[in-house]
Amino acid sequence: MRLKRLWSALALVILLLVSGGTSAREILQGDVCTLEAERTISGNLFVFCRTLIVNGQVEGSLIGAALNTELRGSVRDDVYLLGGQLDVYGTLGDDLVFGGAVLRVHPQAIFEDERADLLAASLSTTLFSGAVIPNNVTNAGYQLLLFGDVGGEVNFWGAALTVAGSVTRDVEAQVGDSQSGDPSQVQTLLIPLRFLNFDLELMNPGLIVPEDAVIGGTLRYTAPSPGRVDGQLAESPVYIPVVVAPDFTQIDLASENNLAWLGNYVVQVIREMITLGLIGVLGLAMMPRQLQAPLYNLRQRPLSSLGIGILAFIVSFGVWLVSALLLLIIVFILLALQMTDLVLISFMALGAVDIGGASLFYFVAIYVSRVVVALGLGRVVVRLVLGDDGSARIAYISLGVGVAIVALLAWLPLVGSVITALILALGLGAVTMAGTRIQFREPPRAQAQGAVALPTRMVAPRQIPPPPVIEDKPSPPGTDNLPDGFNWWDEEQH
């Protein structure tokens, strides 16, 4: 529920653009946007800048996007920002909602409303010592570093959480493995952010509560390994370990724990079979040709299917981000043109297309792709055992056999996740190639067995008339000057 609240709050970045037709508002856009200290905005301030510096006063809300933002002035209401890095030094009247790479709340920052919340989806969020969030902190990202004080509760989903200040109420967290080592691989991926001058240093995964920390409620966290909890807690911490599948060599069916694991494995396999089986049966009943069309690519071009599937997954994230950015730009353009009535309509229409398209793609990528691979595997097994006459009965039997194989492999210890990833990539690549008709040039060869020959248009050969015959036989004597056609003496004409 807290995470849902976070994304709902981020959506207000767009929805608030249509609020209050009679309220005053100001727009800042450009490379470097500066609100001078002596200037006051009487209503909402909308921004779309590379660098934003707010030294003045905003009597409404601050809404928009900026790559780098320094908030040193005051905002009477809420702050809703998308961007790269946000540094808060000034005064905020209400909630702070941020989506981006780095959020830092400095000791000079003041939240005037005792119910003000901090909600963020960021790579790194830091509350420096001396800073105070009056109410709740809700964060999703890689790390949350709380050196200041929180007057409410803390909810975190990510890898690294440090609570070095005080939290009045509960702390709910899901963190990474503290025994996994340093985040050097993630640091390598973040090298491009260094060129943007983001102040970012990633901490080790896991939970850290040092001795000087104070938690007034219950600390409840989920992690692969226990965190380091040395602070003052009102109650004993509740640690919920992440269940990791045991190694094959450690499986002892006589052990009570392993019997429980085996029962859980059977339950997960049955659930997987039911889910994929229902989708496959509906697909064969409603769209049999479309569901079976990718099987040719799986059989003839497995490596190409794997590569295209991985590429499709990678490209999909970029497409989703670009489409969301285009939606934001369109809304800002309409706002700049004073077309307030079209903002809500455009947001709803384009948002529905964006979300609907993403949902359809990931449904195909996560579920349909596995069904296609299951159908292909089942067809190979059934063909070896029963033969394949191309009937619908064989297709359904192949689906059942393949779904059972995929489900059993997907939940194997250690290797199950790797197998599932390969199946997803293979299936998505085959579906993509079939849907977009991607073809690869191949050398001429005999037609593959089972392939259907396409009819070709027969063109009649062009009839070329023969050349005229030139007679070379000599004329009789004395007939050189006779008119044409005067050849009664020629015996061949009679």
The residue that is nearest to the chain's Cα centre (by Cα), considering only those in the range 75-89 that are farther than 16 Å from LEU123 by Cα, modelled with pLDDT under 95 and surrounded by fewer than 22 Cβ atoms within 10 Å (Cβ to Cβ), is ASP77
Of the numbered conditions (1) in a loop (DSSP other than H, G, I, E, B); (2) in contact (Cβ under 8 Å) with a residue 60 or more places away in the chain, LEU119 fails exactly one; give the number of that condition.
(1)
Would you pick out the residues in the range 105-121 that are farther than 19 Å from VAL167 by Cβ and under 29 Å from the mean Cα position of the chain (by Cα)?
ALA121
Conditions first: (1) in contact (Cβ under 8 Å) with a residue 60 or more places away in the chain; (2) outside any helix (DSSP H, G or I). VAL373 passes all but one, so which condition is the exception?
(2)
Restricting attention to the range 378-403, the residues that are over 28 Å from the mean Cα position of the chain (by Cα), outside any loop (DSSP other than H, G, I, E, B) and of a type outside the set (Val, Ile, Thr) number exactly 11
Could you please tell me which pairs satisfy a Cβ distance under 6 Å, a separation of 6+ or placement on different chains, a first residue in the range 124-140 that is free of Cβ contacts under 8 Å to residues at least 60 places away in the same chain, and a second residue that is among the aromatic types (Phe, Trp, Tyr) and surrounded by fewer than 24 Cβ atoms within 10 Å (Cβ to Cβ)?
PHE128/PHE147; SER129/PHE147; PRO134/PHE111
Provide a single number: the residues in the range 201-242 that are in contact with an Asp or Glu (Cβ under 6 Å, 6 or more places away or on another chain) and without any contact (Cβ under 8 Å) to a residue 24 or more places away in the chain.
2
State yes or no: is ALA37 small (Gly, Ala, Ser) and modelled with pLDDT of 90 or more?
yes
Within the range 310-321, take every residue that is modelled with pLDDT of 70 or more and of a type in the set (Gly, Ala, Ser) and give me the one that is nearest to PHE361 (Cα to Cα).
SER316
Considering the range 402-424 alone, what residues qualify as being open to solvent by less than 60 Å² (accessible area, probe 1.4 Å) and among the polar types (S, T, N, Q)?
THR420
Filtering the range 95-104 for residues that are open to solvent by 10 Å² or more (accessible area, probe 1.4 Å) and either free of Cβ contacts under 8 Å to residues at least 24 places away in the same chain or β-branched (Val, Ile, Thr) (or both) leaves a count of 1
Would you mind finding the one in ALA293, ALA324 that is open to solvent by less than 70 Å² (accessible area, probe 1.4 Å), at negative phi and modelled with pLDDT under 85?
ALA324
Of (1) in a strand (DSSP E or B); (2) at pLDDT below 90; (3) open to solvent by 30 Å² or more (accessible area, probe 1.4 Å); (4) under 29 Å from VAL154 (Cα atoms), GLY30 fails just (4)
Residues (modelled with pLDDT under 80 and in a helix (DSSP H, G or I)) located in the range 419-448
GLY435, THR436
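The values are calculated or read from the model by the stated rules, or taken from the named source; none is laboratory data. These numbers were taken from a predicted model, which means no experiment stands behind them. Positions of Cβ are backbone-derived with ideal geometry, glycine not excepted, and every protein chain shown enters the neighbour counts. Note: accessible area is taken over every heavy atom of the protein model, side chains too, but ligands, DNA and RNA are not part of it. Shrake-Rupley method; radii C 1.70, N 1.55, O 1.52, S 1.80 Å.
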